[in-house]
Amino acid sequence: MSVISPPRGTTARPPADNLVRYPDVREPRTMTKRAWWLVAVGILIPGSAQLLAGSRRLGRFAVASTFVLWTLVSVALLVGIVFPRLVFMLGGLAVPMLTVAQVLLAAYAVLWVALTLDTLRIVRLVHLLPKSRAWVAGLAVVATVLGSGGLVYGAVVAGSARSVLDQLFSDGQYQDPIDGQYNILLLGGDAGPDRTGLRPDSLSVVSINADTGATTIIGAITARRRFRPMLSSQSSMAATSSVCANRLRTAATPLSQ
């Protein structure tokens, strides 16, 4: 039994049941609809466009990476909201955890860019309707810039936090809480091109509960010369100043201990 091959010079039509993977490039409208769908699903779930119309191996890896990242972020948020004490208990692992987060976010940002470039290859822009080519490419590029840009920003923040923690606690020493509280004095710096040196322009005492992590911030006024409370009498002003001074003295007492 012989099989008759199609005449030379003719193009066999793609399978009718899978026009996403085997599109008919002779129909610009169909190609345009296909491009919109592939870009949209690629934005919602990076890697799905490759599963549908590209490299299935790359698509499986990208989709798996996407769900792993979503799972890690969801677990971190859930633990931070439901079990805040666990976050403080794992404080000693903050530096390695931030390092892992920085690497994962940066790697996924690179993967997202690679997937977008591959998606634009898959959609075959030259076969779309002329008026739709720029819109399809623009949507893919804007979504990639926003998504990967957010991931890069998150990696930078994680790296900065890791560096700060590494510098602060590199010696491994720590102080025990006083009356169950950690008290930290914050001084804000004020400088300018027409001034010499650095002067504090804000003063705050941060009191952190060692068990629950509840934080109380007490701010003090530094520019007292121009501070005029709007009260009805001088006695009320004196009373208010006395109360503020007593609160600040109470909060600063553990620091001196």
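Ordered by the number of other Cβ atoms lying within 10 Å of each residue's own Cβ, fewest first, 34, 29 fall into the sequence 29, 34.
One decimal place: the segment residue 75-residue 175 gains 32.9 nm when fully extended, by the rule 0.36 nm per residue minus the C-alpha distance.
With only alpha-carbon pairs counted, each pair once and no self-pairs, how large is the Kirkwood hydrodynamic radius of the stretch 23-79 in angstroms? Present the calculation step by step, with values, prior to reporting the outcome.
Values: mean 1/r = 0.0794 Å⁻¹.
Evaluated on the stretch 23-79, it is 12.6 Å.
If the Kirkwood radius is taken over C-alpha pairs of the stretch 56-196, then at 4 °C and 1.567 mPa s the Stokes-Einstein diffusion coefficient equals 67 µm²/s. Amide hydrogen proximity for residue 129: with H placed 1.01 Å from N in the peptide plane, the residues at 5 or more positions away or on another chain lying under 5 Å are 32.
Contact order for the stretch 34-108, expressed relative to its length and based on alpha carbon pairs under 8 Å spaced 6+ residues apart, stands at 16 percent.
Each reported figure results from applying straightforward, stated rules to the coordinates on display, with no laboratory input. Because the structure is a prediction, the values reported are computed rather than measured. A quick note on method: Cβ atoms are made from the backbone with ideal geometry, for glycine too, and the neighbour counts reach across all protein chains shown.
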